[in-house]
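Participant: Sharing a structure here in structure tokens format.
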Amino acid sequence: MSNCGPKMKMDPSLHRDKKPDWIKVRLPNNPAFWSTKSLITDLKLVTVCEEAQCPNRWECWGQGTATFMIAGDKCTRACGFCAVKTAKPDALESDEPQRVAEATRRMNLRHVVITAVARDDLRDGGAEHFKQTIEAVRQANPKIIIEVLVPDFNDRDWALSMVMDARPHIFNHNLETVERLTPLVRSRAQYQRSLTVLKKAKAMVNGKVATKSGIMLGLGERHDEILRAMDDLIAHDVTVLTLGQYLRPTQKHLPVVEYITPDAFDEYKAIALAKGFRHVASGPLVRSSYHAADFRPELDVLEAIEADVRASHGIELGPEHLALPAINPSIAKTIA
Ligand code: SF4
């Protein structure tokens, strides 16, 4: 097993080593962090929080949330930004879906994000394993909102439809970067293919899923290219967007060409909302799953999923599943 670094194609001298003040990693100060850590260890689960060296893990784990990474900790791709190791993957663990389900139950999660390494060694790219995990989680915890962050399954419709048949509430597939930089930043994935996958996933369930995507900034993309990527996502029916700062995991990875200021992230958020995204998380430390529970799919999506799950699996999701998000207390006070 080796941590194969990506092929460097960008000029490494572009890297800006000194992090600005706004890139601050908070250290654990909360016992919940350690109980999340021991639960994950007990259940022998893998998280993208650790594998991708996410800067938010102290905060998220301290709040009792984590993002589960299924299908192993070795990826068949070698993207230039990603800290997950590239190696020949192990066989799938047939009890992993149940272990993820048990974790959501013990953590009493209302919203779970499940991701996976790219499994190009498997004909279905790991789609069946995603399906089993969604079903196990829902069985253990019917009221939960299920978000999947998936690879592109090499654009195989039959694999994608396996995942969609399990009726996740939120289908997340990251664009990662603008079109021009995609060949330098992503391994094998293609910009247009990712857009197509997002559009097809939604069409497969007659629009009854929220689709979400994310872009890292600071890799040398231009302002106009970011706006173009937003337009492309909107044109492919994506309604939730995340924008965060790329941080270099090791010296073998792509350089950080620019640190985007918090004000610029705020401006991009305003632009994205004006373009029609329903929910945008934008900030230096925003990652795909950061504060994921802040977004809740529309009522018609929740209702359609409830009806489908009841009909196909006989599971009642219950009224809590359809409950609208808690109203902001200050607004409640005004209304009262
Ligand atoms: S932002 Fe996502 S990947 Fe990072 S620690 Fe939080 S849950 Fe884990």
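Participant: Test of understanding: among 67, 47, which residue is within 16 Å of the ligand (Cβ to nearest atom) and under 22 Å from residue 321 (Cα atoms)?
Facilitator: 67
One line per residue, one yes/no per condition, for (1) away from the ligand (no atom under 14 Å from the Cβ); (2) of a type in the set (Phe, Trp, Tyr); (3) within 27 Å of residue 141 (Cβ to Cβ); (4) touching a Leu at 6+ places or on another chain (Cβ under 9 Å):
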{"site": "9", "(1), (2), (3), (4)": "yes, no, no, yes"}
{"site": "16", "(1), (2), (3), (4)": "yes, no, no, no"}
{"site": "24", "(1), (2), (3), (4)": "yes, no, no, yes"}
{"site": "37", "(1), (2), (3), (4)": "no, no, yes, no"}
{"site": "40", "(1), (2), (3), (4)": "no, no, yes, no"}
{"site": "52", "(1), (2), (3), (4)": "no, no, yes, no"}
{"site": "89", "(1), (2), (3), (4)": "yes, no, no, yes"}
{"site": "99", "(1), (2), (3), (4)": "yes, no, yes, yes"}
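Participant: Moving on to the next point. Tally up the residues in the stretch 290-313 that are within 15 Å of the ligand (Cβ to nearest atom) and part of a helix (DSSP H, G or I), please.
Facilitator: Here the count works out to 3.
Participant: Also, I was wondering about something else. Read through the list (1) closer than 30 Å to residue 257 by Cβ; (2) surrounded by fewer than 22 Cβ atoms within 10 Å (Cβ to Cβ); (3) modelled with pLDDT under 95, then give the number of the only condition that residue 186 fails.
Facilitator: (2) is the only condition that residue 186 fails.
Participant: Against the conditions (1) surrounded by 14 or more Cβ atoms within 10 Å (Cβ to Cβ); (2) away from the ligand (no atom under 14 Å from the Cβ), where does residue 31 fall short? Just the number, please.
Facilitator: (1)
Participant: Among the residues of the stretch 113-123, is any in a strand (DSSP E or B), of a type outside the set (Phe, Trp, Tyr), touching a His at 6+ places or on another chain (Cβ under 8 Å) and on the phi < 0 side of the Ramachandran plot?
Facilitator: yes
Participant: Would you check which residues across the stretch 102-121 are within 22 Å of residue 151 (Cβ to Cβ) and surrounded by fewer than 20 Cβ atoms within 10 Å (Cβ to Cβ) and list them?
Facilitator: Result: 111, 120, 121.
Participant: Does residue 287 qualify as being in a loop (DSSP other than H, G, I, E, B), within 16 Å of the ligand (Cβ to nearest atom) and within 30 Å of residue 131 (Cα to Cα)?
Facilitator: yes
Participant: A further question follows. Is it the case that the stretch 180-199 has a residue that's part of a strand (DSSP E or B) and touching a Leu at 6+ places or on another chain (Cβ under 8 Å)?
Facilitator: No, there is no match, as no residue in the stretch 180-199 is part of a strand (DSSP E or B) and touching a Leu at 6+ places or on another chain (Cβ under 8 Å).
Participant: On to the next question. Return the pairs, sorted by first residue and then second, in which the second residue is part of a strand (DSSP E or B) and of a type in the set (Ser, Thr, Tyr), the first residue lies in the stretch 108-122 and is closer than 30 Å to residue 320 by Cα, the beta carbons are less than 9 Å apart, and the residues are 6+ apart or on different chains.
Facilitator: 112/67; 113/67; 114/67; 115/67
Participant: Right, another one. Considering only the stretch 200-231, state which residues are of a type outside the set (Gly, Ala, Ser) and either modelled with pLDDT under 95 or within 23 Å of residue 9 (Cβ to Cβ) (or both).
Facilitator: Within the stretch 200-231, 215, 216, 217, 219, 221, 222, 223, 224, 225, 226, 228 meet the criteria.
Participant: How many of the residues in the stretch 60-81 are modelled with pLDDT under 90 and either hydrophobic (A, V, I, L, M, F, W, C) or not in a loop (DSSP other than H, G, I, E, B) (or both)?
Facilitator: Total satisfying the criteria: 1.
Participant: Just need a number here: residues in the stretch 26-66 that are farther than 15 Å from residue 103 by Cβ and touching a residue at least 40 places away in the same chain (Cβ under 8 Å).
Facilitator: Residues in the stretch 26-66 being farther than 15 Å from residue 103 by Cβ and touching a residue at least 40 places away in the same chain (Cβ under 8 Å): 5 in total.
Participant: Right, another one. Residues being more than 14 Å from residue 22 (Cα to Cα), assigned to a loop (DSSP other than H, G, I, E, B) and in contact with a strand residue (DSSP E or B) (Cβ under 6 Å, 6 or more places away or on another chain): count how many of those fall in the stretch 253-284.
Facilitator: 1
The values are calculated or read from the model by the stated rules, or taken from the named source; none is laboratory data. Note that the coordinates shown come from a computational prediction; the quantities given were computed from them, not determined experimentally. Cβ atoms come from the backbone with ideal geometry, glycine included; neighbour counts cover every protein chain shown.
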